[in-house]
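Peer 1: Quick one: the structure is below, questions incoming.
The values are calculated or read from the model by the stated rules, or taken from the named source; none is laboratory data. Here the structure is a predicted model, which is why all the values come from computation and not from measurement. Don't worry about glycine lacking a Cβ; one is built from the backbone with ideal geometry, like all the others, and counts go over all protein chains shown.
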Amino acid sequence: MSHNRAAFILALVVTVAIMQPVMIHGQSGYSSGSWAIGVVVPENSELSGGERVNWNDASNISIIFNLPNISTTDSTIYAIMSLMTVNGSIIQLAAGLYSNTSQWHTYAMYILNPNSYPQVYKQVSISDDNFMLANDLISMSLYFLNGKWQFRVNDLTRRTSTFSYFNVSLPAKLKDGDQYVFALESYSYNSSVFENMNNMTLKGLFINGERVLSGWYIYTTWNNQNFPLFIVGGSIPPDFISASFSGNGTVIWSYVSAWVSAVPSYGSFYLITGILVAAAAVINISVLVLLILKRKRLLEKS
C-alpha cells in the first residue's frame, strides 16, 4: 500500500470517529430510524436583557409552541425537548403522537450513558389522563428543583397540566456547549402525514426566564461548521419539511409542497457523514487534517 493511500485511509477513519456527536433516538443504518429538524443553542448565545447563555448556570429551560395540525400518523412523531447534563446523561420531554390515536400525550425519558450500544432508554411513568390535540398551544419546561430534574407540560388551549420528575440521580449542572434543545422528530417519512400540518411555531425559548434572541442555529444533518453535543434522530430528514427563523426569537416548521416530488434520502446519519468526509478527502487530505484538529480542540474545551 502506498504511503499516500495509507494516509488517506487513516485520515478518513479518524475523521469519521472523531466528528460524530452522540446520536439519540433513531437507529443508524435503518430507514425506520427517526429524523429530526430542530434548534441548537450554543454557549454565549444572546438572551433578552443583554445576558448570554451559560449552560452551567441554567436551571430552568422552557418553551412555548403550537403542535402541528397532525392527528393521524403511520409512525411516531415527537415535539421534543432535550438537554445534556454535565456528566453526559440526557433528559428528554416530549409531546408525542403515536399511530392509531388522534391525541398527543406527554412522554419523558432519560439516557444515562448515550455512548453505550444499544442505548438504554428509561421512560418516566406519568400517571394522568391528560392529552393534547393538534394545533394546541403548549408550554414545556425542564427545571432543577429540590435536588431533582423535574418537568411540566401545560396545554394552554385546554388548560390542563402534567408534571413529574426524573426519579434518578442526575447532576444539577448542564454541559457547556451546543445543546440541541428542541426539535420536530419523526419516525414517519410519509408526506401525506405532514401535508396539512400548517406551521409548528416555536414562539419562545427561555433559559432562566430570559428569551433566546440570537446565536442559535437550525440543525438538520452533519456539517463541518456546527457541532451539537448530541443529535436527536439520525436519519436524513425528508425534503418536504423545512424550518426557519422568523424573527423575535421564533422558529417555524413547515410542509413544503413544492419539494414533494424530490426523493428523500433515508440513509443513516453515519453513512452520509462517511460519504461526505470521503469526498472531502479525495479533494484534499489536508482539509481532513484541519477538521480533525478543529474538532479535537472543541472536544478538549468541552
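Peer 1: When the residues of the range 186-200 are filtered to those that are of a type outside the set (A, V, I, L, M) and part of a strand (DSSP E or B), which remaining residue is farthest from the chain's Cα centre (by Cα)?
Peer 2: Of everything passing the filter in the range 186-200, Asn199 is farthest from the chain's Cα centre (by Cα).
Peer 1: Let me ask another. Taking the conditions exactly as written (buried (at least 17 other Cβ atoms within 10 Å of the Cβ), more than 22 Å from Lys203 (Cβ to Cβ), modelled with pLDDT of 95 or more and under 19 Å from the mean Cα position of the chain (by Cα)), does Ser141 satisfy them or not?
Peer 2: So Ser141 does not fit the description; no.
Peer 1: So which residues in the range 144-162 are within 28 Å of Ser254 (Cβ to Cβ), part of a strand (DSSP E or B) and either free of Cβ contacts under 8 Å to residues at least 24 places away in the same chain or over 19 Å from the mean Cα position of the chain (by Cα) (or both)?
Peer 2: Correct list: Arg152, Asn154, Asp155, Thr160, Thr162.
Peer 1: Does Leu83 satisfy the condition of being under 16 Å from the mean Cα position of the chain (by Cα) and among the hydrophobic types (A, V, I, L, M, F, W, C)?
Peer 2: The answer is yes for Leu83.
Peer 1: Suppose we filter Thr157, Thr162, Thr106 for residues that are surrounded by fewer than 16 Cβ atoms within 10 Å (Cβ to Cβ) and hydroxyl-bearing (Ser, Thr, Tyr); which single one remains?
Peer 2: Thr157
Peer 1: Only one residue in Ala172, Ala183 is in a loop (DSSP other than H, G, I, E, B) and small (Gly, Ala, Ser). Which one?
Peer 2: That would be Ala172, the only listed residue that is in a loop (DSSP other than H, G, I, E, B) and small (Gly, Ala, Ser).
Peer 1: Name the pairs whose Cβ atoms lie under 7 Å apart, with the first residue in the range 207-227 and in contact (Cβ under 8 Å) with a residue 24 or more places away in the chain and more than 14 Å from Phe182 (Cα to Cα), the second of a type in the set (Lys, Arg) and surrounded by 17 or more Cβ atoms within 10 Å (Cβ to Cβ), and 6 or more positions between them or separate chains?
Peer 2: Between residues of the range 207-227 that are in contact (Cβ under 8 Å) with a residue 24 or more places away in the chain and more than 14 Å from Phe182 (Cα to Cα) and residues that are of a type in the set (Lys, Arg) and surrounded by 17 or more Cβ atoms within 10 Å (Cβ to Cβ), the close pairs are Phe227/Arg295.
Peer 1: Which residues, counting only those in the range 192-208, are under 15 Å from Val256 (Cβ atoms) and surrounded by fewer than 18 Cβ atoms within 10 Å (Cβ to Cβ)?
Peer 2: Ser192, Glu195, Asn196, Asn198, Asn199
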